[in-house]
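Structure record follows, encoded as C-alpha cells.
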Amino acid sequence: MEELGERKEKILNAIIKHYLETGEPVGSRVISKIADLSLSSATIRNEMADLEELGYIIQPHTSAGRVPSDKGYRFYVDHLIEAKNQEVAEIKDLMIEKTEKMEKVLKQVVKILANDTQYATMISAPSVRGNRLKFVQLSAVDENQILSVVVMDGNVVKNKIIHVEDPLDNETMLKLNMLLNTTLNGLTVSEINLGLITKLKEQAGIHEDIIAQVLNTVAETISDDDLEIYTSGATNIFKYPELSDSQNASELISAFEEKQALKEFIEETQSEDGEDTGIQVYIGNEAPVQTMKDCSVVTATYELGGGMKGTIGIIGPKRMDYEKVMDNLKNLKSQLDNALRGDLDK
C-alpha cells in the first residue's frame, strides 16, 4: 500500500465517510466544510485530482463529485482494521460447552446483527472440518464383529461395526491398533494420501479390508459434519439501490436461501492460512462468491478450542458503514458469552 501523506489520507477518509453516509458523490466544497481539515476548496480540488489519478476515487460521468473506487475502499478498510483488530481478537477465546444451546443462540445473534447493521448476515455453527485424528480403537464384539471407534480433535466420535469372516486373536488386534495409531495419529483426512493407504494395507496383510473400513470411518466422521449456516436480514439488500436491481437481488436472495454458495465461501475462508481470527473484508470481486461481486463482505472467525471454528459474516453494499460493522463483530463475543452462560447455568 503506497503512502499517501497525511493530507491526502484525511481527504480520502472524509470522502469515503461522507459517501458511506449519503450515497451521493462528494465535491470539494463539501469536504472543505469539515472542521478538522482547515483547507481551502482549491487545495482540496488539487488533492482530489491527485487521488483520482492514483485510482483511489473516481468521477461518475453524471456528476462533478467523486466516489470511492475499490482501491479507495481497500485503503480505508485496511487502516480501519488496524485500529479495530485488537478489539475483536477476543472473539477467538469463545467457548461453547453445550451444543444443544448453540442453534438457539446463533439464530438470536445473527438476527441481532441484521437488525443492528441493517445488512444481510450469516453465522456458521462450529465445524470440525480439517480436524486431526486423535486415535483409533479396534475391539472385538464377537467372533465375526469388530467395533471401530474413531476419535477426532474436538472429541468428535464415530463408531462402526466391521464384519470379519474369521475371529482375530488378541495379538492380531493389538498389532492392528498399533499400526493404525502409529501411522494415522495427528493427521487430517487430506493428509491420508494414496501412498500412505497403500503402505498401511501392505503392512496389514490379510487384514487390509479392516484397514480400508477404518479409513472409510475416518472419512465419514468428517463428511457427516454438514456445515450449518444461519442467516438473517436478506431482504435488507433492497434498501440499497445499487443492490436492489432485480437480477442482483434475486441472486443474493437465492444464495441466502440455498446456502450452498455461503457454505463454499465459508469453507474457502476457513481453509486460508489462518492463525488470524480477526476481521477480514472482501470488497467487490475479492469475494469468492460471484453473486457478491457488487457487495462488501466482512467476516470474523471464532474458535471454540479443539480446532472447532465458526464464521460470522455481514454482507452489504460497498458503501457499508465499516466501522459500525466491525464494532458489532467486536461485541459479538460478549453477546454470545452472556447468552450461553445464562443457558448453561440453568
### Task
Name the residue, out of 11, 81, 58, that is modelled with pLDDT of 85 or more and either surrounded by 20 or more Cβ atoms within 10 Å (Cβ to Cβ) or closer than 24 Å to residue 301 by Cα (or both).
11
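In the stretch 21-31, how many residues are assigned to a helix (DSSP H, G or I) and modelled with pLDDT of 80 or more?
Applying the first criterion (assigned to a helix (DSSP H, G or I)) to the stretch 21-31 yields 21-22, 28-31.
With modelled with pLDDT of 80 or more added as a condition, the list becomes 22, 28-31.
Within the stretch 21-31, residues that are assigned to a helix (DSSP H, G or I) and modelled with pLDDT of 80 or more number 5.
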### Query
Can you name the residue in the stretch 217-265 that is at pLDDT below 80 and touching a Leu at 6+ places or on another chain (Cβ under 7 Å) and, of all such residues, is surrounded by the most Cβ atoms within 10 Å (Cβ to Cβ)?
218
### Summary
Subset of the stretch 14-55, residues surrounded by fewer than 21 Cβ atoms within 10 Å (Cβ to Cβ), in contact with a helix residue (DSSP H, G or I) (Cβ under 9 Å, 6 or more places away or on another chain) and of a type in the set (A, V, I, L, M), comes to 14, 20, 30, 34, 37, 39, 42, 54
### Task
Scan the stretch 174-192 and give yes if some residue there is without any contact (Cβ under 8 Å) to a residue 24 or more places away in the chain, of a type in the set (Ser, Thr, Tyr) and loosely packed, with under 14 Cβ neighbours inside 10 Å, otherwise no.
yes
### Message
Tell me which strands (runs of 3 or more DSSP E) are completely within the stretch 266-346 and hold 2 or more residues being modelled with pLDDT under 75 and not acidic (Asp, Glu), or say none if there are none.
### Response
295-305, 308-317
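Yes/no per residue for (1) within 18 Å of residue 318 (Cβ to Cβ); (2) modelled with pLDDT of 85 or more:
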| site | (1), (2) |
| --- | --- |
| 45 | no, yes |
| 53 | no, yes |
| 64 | no, no |
| 67 | yes, yes |
| 88 | no, no |
## Note on the structure
Here the residues within the stretch 19-49 that are among the charged types (D, E, K, R) and under 36 Å from the mean Cα position of the chain (by Cα) are 21, 24
### Query
Out of (1) free of Cβ contacts under 8 Å to residues at least 40 places away in the same chain; (2) within 30 Å of residue 310 (Cβ to Cβ); (3) in a helix (DSSP H, G or I), what's the single condition that is false for residue 151?
(3)
### Test: residue 187 is touching a Lys or Arg at 6+ places or on another chain (Cβ under 9 Å), among the aliphatic types (A, V, I, L, M) and modelled with pLDDT of 80 or more
yes
### Query
In the stretch 91-123, which residues are polar (S, T, N, Q) and either at pLDDT below 80 or not assigned by TED's automatic domain parsing to the domain that holds residue 236 (or both)?
99
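The values are calculated or read from the model by the stated rules, or taken from the named source; none is laboratory data. Remember, it's a predicted structure, so these values are computed and weren't measured experimentally. Cβ atoms come from the backbone with ideal geometry, glycine included; neighbour counts cover every protein chain shown.
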